[in-house]
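Student: For reference, the structure I am asking about is given below.
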Amino acid sequence: MGKRYDIVPEGGVTTPKGFTAGGLHCGLKKTDRHDLGAIVCEVPAAAAAVYTTNLFQAAPLQVTRESLAEEGKLRAVLVNSGNANACTGEQGERDAHAMRAELAEAIGVPKHQVAVASTGVIGELLKMDRVSAGIGQLPARLKGDAAGAEDFCQAILTTDLVKKTACVRFDVDGRTVTIAGAAKGSGMIHPNMATMLGFVTTDAEIGSEELQALLREVTNLTFNMITVDGDTSTNDMLVAMASGLAGNRPLTRSHPEWDAFAEGLRYVCQELAKAIARDGEGATKLIETTVAGAESDEAAQAIAKTIIGSSLVKSAAFGADANWGRIIAAVGRAGVPVNVNTVDVRLGDILVLEQSRPIPFDEDAALAYLKGDTVAIDVNLHMGGGRAIAWGCDLTYDYVRINAAYRT
């Protein structure tokens, strides 16, 4: 069956009915780039979120959890970049609560209907005078068009080189439903949520519980299948808001178009995840690893994530070195059963290992392929029906340069 959605290339977080967004520079970043943004829904939206697994969770995550625990609905999400408000103690918690309360007052909604997110340097207190001044200006900057979505996207970036967006449309009950998303992330990226912030908007009618369960499932197949450098951050969060203004019957797993909605959400999250991997700090290429023939999907996921997380595999990709030995070594240390006699490895269409035995291949053709901006590594274990895809990037000199001077 073909895809059940249409891609909307020009779409953004304001494309679904009921959403406005905006951003501005309030003075947290050392440059004049936007560093404060918000998405606002005109009605209380069913909401869901997933968070980093890092034990040191930043204050904004705690505040967002509190908001969603109240009734599972949001009217707005407020985001700042340039400062993570993480490991900042009781003052950081007070600041995150103040951000929530100040935006709630500025747009006239209950404070528990506001989520808060932050990204940037860990361990520094927010300059709250600048944040508060910015929040006061935000309502006038909110727009329901592409410009509003663009301003928001710019406001959430840190070391990112490009914005990350995706949007799809499809029919549910004869009504047009739209799902859109925006994300940031470039470094400190690893499975189990990383230093990434993601925001999904949709005008579908769906309950908070159904949205929460589906968001978690989709996250495990998308955002939790990327890595840049093996580090999981303190601030990672993915928030989804559903306005319900498309007018469809409420989506549940028994709804005949549930699968179409699930596919659309997965596409949006997958495109955002791949964009984060491609934009890894200093990266020159995207690595897509497909593992098939595993004993289970979980085993395939473990192997795929081990391959893309390998510094040796990532370095070989940067150097355009067809060193399949680094790939097979990663397969063998993933911690899941592998028949060491039946593994095939391909670099793109070039077969380099068959039934765990090296075979002659054209080194020049492999070099030319690996110099491209996307490298596909395909591994077939020939053991079962388990399959998974993971995404990462190469490891470059620039990654070290960027992170050696991140604070300065």
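The values are calculated or read from the model by the stated rules, or taken from the named source; none is laboratory data. It should be emphasised that the depicted structure is a prediction, and the values quoted were computed from it without experimental measurement. When we count neighbours, we look across all protein chains shown, and the Cβ atoms used for this are built from the backbone with ideal geometry, even at glycine. Note: areas computed on protein heavy atoms with side chains; ligands, DNA, RNA excluded. Shrake-Rupley method; radii C 1.70, N 1.55, O 1.52, S 1.80 Å.
Student: Could you pull out the pairs from Lys314/Lys371; Lys3/Lys143; Lys17/Lys127; Lys29/Lys184; Lys184/Lys371; Lys127/Lys163 whose alpha carbons sit more than 23 Å apart here?
Tutor: Working: Lys314/Lys371 13 Å; Lys3/Lys143 31 Å; Lys17/Lys127 34 Å; Lys29/Lys184 16 Å; Lys184/Lys371 26 Å; Lys127/Lys163 25 Å.
Violating the 23 Å Cα-Cα cut-off are Lys3/Lys143; Lys17/Lys127; Lys184/Lys371; Lys127/Lys163.
Student: In terms of Cα to Cα distance under 20 Å, which aspartates and glutamates are near enough to Lys111, apart from those fewer than 8 places away along the same chain?
Tutor: Within the straight-line limit of under 20 Å, Lys111 reaches these aspartates and glutamates: Glu42, Glu66, Glu70, Glu71, Glu90, Glu93, Asp95, Glu102, Asp129.
Student: While we're looking at this one, here's another question. Report, as a whole number in µm² per second, the diffusion coefficient that Stokes-Einstein gives for the range 257-408 at 25 °C and 0.890 mPa s using the Kirkwood radius over alpha carbon pairs. Walk me through the numbers on the way to the answer.
Tutor: Values: Rh = 16.2 Å.
Result for D is 152 µm²/s.
Student: Using protein chains only and a probe of 1.4 angstrom, how many square angstrom of Cys87 are accessible, to the nearest 10?
Tutor: 90
Student: Angle check, please: helix 128-141 long axis (alpha carbons) against the longest principal axis of the chain (alpha carbons), in degrees 0 to 90, nearest 10.
Tutor: 80
Student: Another question, if that's okay. Pick out, from Val8, Asn85, Ala320, the residue whose Cα sits farthest towards the positive end of the charge dipole of the chain, with +1 on the Cβ of Lys and Arg and -1 on the Cβ of Asp and Glu.
Tutor: Looking along the dipole axis, the top candidate is Asn85.
Student: Please report, to two decimal places, log10 I(q)/I(0) for the range 100-204 at q = 0.23 Å⁻¹ as given by the Debye formula with identical point scatterers on the Cα atoms and no solvent.
Tutor: -1.43
Student: Mind grabbing the base-10 log of I(q)/I(0) for the chain at q = 0.10, 0.11 Å⁻¹? Debye formula, identical points on the C-alpha positions, no solvent, two decimal places.
Tutor: Rounded to two decimals, the profile gives -0.66, -0.79.
Student: When the helix-only estimate is applied to the chain (DSSP H runs of n ≥ 4, each -39,500 (n - 2.57), divided by the residue count), what is the mean residue ellipticity at 222 nm, nearest 500 deg cm²/dmol? Kindly include the intermediate steps, with their values, before the conclusion.
Tutor: On the way: 11 runs with 137 residues, N = 408.
After summing the helix terms and dividing by the residues of the chain, the value is -10500 deg cm²/dmol.
Student: Considering only the chain, what is the antiparallel percent among its DSSP beta bridges, to the nearest 5? Please report the intermediate quantities before stating the final value.
Tutor: Numbers: 54 of 77 bridges.
Percentage antiparallel, nearest 5: 70.
Student: Answer with one residue from Thr165, Tyr399, Ile107: the one whose Cα lies farthest towards the positive end of the charge dipole of the chain, charges on Cβ with Lys, Arg +1 and Asp, Glu -1.
Tutor: Among Thr165, Tyr399, Ile107, the one farthest towards the positive end of the dipole of the chain is Ile107.
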